[in-house]
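The structure under discussion appears below in the form of C-alpha cells.
Please treat every number below as a calculation from the coordinates, not as lab data. What you see is a predicted model, and the numbers here were worked out from it, not measured in a lab. When we count neighbours, we look across all protein chains shown, and the Cβ atoms used for this are built from the backbone with ideal geometry, even at glycine.
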Amino acid sequence: MKKHAPVIENKSEMIERLASGSKPKSDWRIGTEHEKIGFCLKEKTPLPYEGDCGIHAMLTGLQRFDWEPVSENGYLIALKREGASVSLEPGGQLELSGAPLETVHQTCGEVNRHLREVKEVADEFGAGFLSLGFRPDTRLEDVPIMPKGRYKIMREYMQKVGSLGREMMFRTCTVQTNLDFGSESDMVKKFRVSLALQPIATALFANSPFTDGKPNGFKSYRSQVWLDTDNDRTGMLPFVFEQGFGFEQYVDYALNVPMYFVYRDGKYLDASGKSFKDFLNGTLDILPGEKPKMSDFDDHISTIFPEVRLKTFLEMRGADTGPWGELCALPAFWVGLLYDQTALDTAWDLVKDWTDEERDALRRNVPKMGLQTPFRDKTIQQFARAVLAISREGLKARGRLNAHGENETVFLQELDKFALTGKSNADQLLDLYHGSWNGDILQAYQDCIF
C-alpha cells in the first residue's frame, strides 16, 4: 500500500526544513545554474519546442551523453544525470542545474562538459546558443511558449502583479550559484553579505544592453525587469538585516507571499494569488479540507524570487548570463566571499553600516549605470575592486588546486578586467554596436555565441 507523505501541522516544521540545510564546513558544496538562449542559425529565430531545429530535438540528442529523460503530460521537458539536470525555462531557455560539487574547478569542469555536449548536438541541426542576459532582438510575442504546466499559471498571473513579468519569463537569462551554511548564525551573515553585495555582482556581470534590436538604455536590462515583475516576491528583503532575523522570520515572509500553484497527481492546480496560510489551515478553496505537505512548501519557496533566496541553501540570483569562462567566475566570486571566515567577516565589515535606503538605491541604479553607479562618494567600480580583493584572499585561503597547481582565483581574471577598466560585457557590446557592428544587432549572433 502506498504511504502518503505527512502533512505540515505547524510552522515549526517549515522552520526545521530550512534549518536542516545547516552542515559542517567539510560538507559545504557549490551548485551552479545557468541559462542560455537558443536560436536557429540560419533564420536567427528562437528555438520552438517541436521541429528539426527545436528544443525537443535538443533534449533528445543530449540523451546520448547518458542523460535520463523527464516528461510531463507526454512532453519531454528535462534531463537528469549524476545529481545535475537540464531543464526548460518558459521561453525555451535551456538551463543547466549543476550537481553540488566541492570546488570551483569541478563546477567549471561540469559547465565545460555540458557546453561541449550542447554544442555537439546543436551543430548537427543548425542551432546555436547566445551568451547574453536578454534576447537581443526577438519580440516578446515571437518567443515560443514551452509546454510546462506551471508556466501557464505563472504567465497569466504575472500580468496582474507587474508590467515586466512576462519579459522575465520569456526573454531573460541568468547564471546563479547555490551555497551552503553551517548554522543559523552563519546563514544570517552570509545572507546579509550576499544581499548587500548582489548589486556589485549585477554590475560586474551586466550583459543585457539590447532589446528589440537596439540599445535599451541599461547595462543589465535583465536586472531592471525584476524591479517590475512582482513586488510581493522580489527585492532586497530589508527584514533580513533586522535584529533577530533567522529561519523563522524567513518562513513568516514566505507565508505572506501569494501562491502560484499546488502540484497534485501530475498536474499543476492554479492557486495564483491565494494564501499559503489558508492552505495550512485546511481552507484553501481549490483543495478544501486538505493541508500542505513539505513538498508543497518546497514548491512555494521556489516561487519566491528575491535577489538572494533561502532554501536549505542560499541562492545568489543577481547576475546576467555571460560568455563561457564567466559562468565559472560567478561561483568563484561568491565562494571566495562566503566560504572563508576571514573573507566573510571582512565583507561584512564593508557592508554592515549600509542602510536599507542605500541598498535599495544600489539595486535600482546599477541596472542602468553598471560599474559607473555612484555610491558613497565612489563608484561601484571601486567597490568591485575591493570586493574582488576580498574574494581572492578567500579563494587563496581555501587552497583548492587543480591539476596544474592553480587555486580557484584563476576564475576571477575576467572580473578583474571589468573592475580595472570599468567596462562590463554590456559596455563592450555597446562599443561594438556603435562601432564595428555598425548598428546591426544580428552581429550578436556571431560574437555572442557559446
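Once the chain from Glu82 to Lys417 is taken as fully extended at 0.36 nm per residue, the excess over their C-alpha distance is 117.2 nm.
Could you state the orientation-averaged shadow area of the convex hull built on the Cα atoms of the stretch 1-112, in nm² to one decimal? The partial results should precede the final answer.
On the way: hull surface 44.6 nm².
Reported value for the Cα convex hull: 11.1 nm².
For the stretch 274-388, the Kirkwood estimate of hydrodynamic radius, built from reciprocal distances between every pair of different alpha carbons, is 17.5 Å. Inter-label distance, Asp212 to Arg113: 4.3 nm, where each label sits 7 Å from its Cα along the C-beta direction.
Computed from the Cα positions only, the extents of the stretch 110-248 along the three principal axes stand at 54, 39, 34 Å, in decreasing order. How far is the Cα center of the stretch 400-417 from the Cα center of the stretch 181-196, in Å? Cα centroid to Cα centroid, the span is 25 Å. The stretch between Lys277 and Asp431 holds 50.4 nm of extra length on full extension. This uses 0.36 nm per residue minus the Cα-Cα distance. Taking trypsin sites (Lys or Arg not before Pro) across the stretch 125-176, the ones in a DSSP loop with at most 16 further Cβ atoms lying within 10 angstrom of their Cβ are Arg139.
Whole-Hz Karplus values for the stretch 370-383 come out as x, 5, 8, 4, x, 7, 6, 6, 10, 10, 4, 4, 5, 5 Hz, taken residue by residue from phi with 6.51 cos²θ - 1.76 cosθ + 1.60 and θ = phi - 60°; glycine and proline positions read x. The Rg/Rh ratio of the stretch 1-63, with Rg taken over Cα atoms and Rh as the Kirkwood radius over Cα pairs, comes to 1.26. Spin-label model, Gln446 to Arg264: label points 7 Å out along the Cα-to-beta-carbon direction sit 5.6 nm apart.
For Ser194, the shell of other residues with beta-carbons less than 11 Å away shows a net charge of +3, using +1 for Lys and Arg and -1 for Asp and Glu.
Which entries of Lys25/Lys189; Lys44/Lys160; Lys148/Lys293 have Cα-Cα distances beyond 25 Å here? Violating the 25 Å limit, Cα to Cα: Lys44/Lys160.
Taking amide H as placed 1.01 Å from N in the peptide plane, the amide H of Leu47 sits under 5 Å from that of Gly38, Phe39, Cys40, each at least 5 places away or on another chain. Normalised by the number of residues in the chain, the average gap of Cα pairs under 8 Å and 6 or more apart makes the relative contact order 21 percent.
Beyond 21 Å, what share of the Cα-Cα pairs of the stretch 225-311 remains, rounded to the nearest whole percent?
On the way: 1215 of 3741 pairs.
Taking all Cα-Cα pairs of the stretch 225-311, the fraction more than 21 Å apart is 32 percent.
Here the Karplus curve 6.51 cos²θ - 1.76 cosθ + 1.60, taken at θ = phi - 60°, turns the phi angles of the stretch 239-244 into couplings of 5, 5, 8, 7, 4, x Hz, with x standing for Gly and Pro. The simple Förster model, with R0 at 30 Å and r as the Cβ-Cβ distance, assigns Leu140 and Asp27 a FRET efficiency of 0.10.
Hand me the trypsin sites (Lys or Arg not before Pro) from the stretch 342-450 located in a DSSP loop with no more than 14 other Cβ atoms within 10 Å, in residue order please.
For trypsin sites (Lys or Arg not before Pro) across the stretch 342-450 that sit outside H, G, I, E and B with at most 14 neighbouring Cβ atoms in 10 Å, the list reads Lys352, Arg376.
Per the Debye formula on identical point scatterers at the alpha carbon atoms of the chain, with no solvent, log10 I(q)/I(0) at q = 0.08 Å⁻¹ is -0.44.
For Asp345 and Asp298, a Förster radius of 41 Å and the Cβ-Cβ distance give a FRET efficiency of 0.80, rounded to the nearest 0.05.
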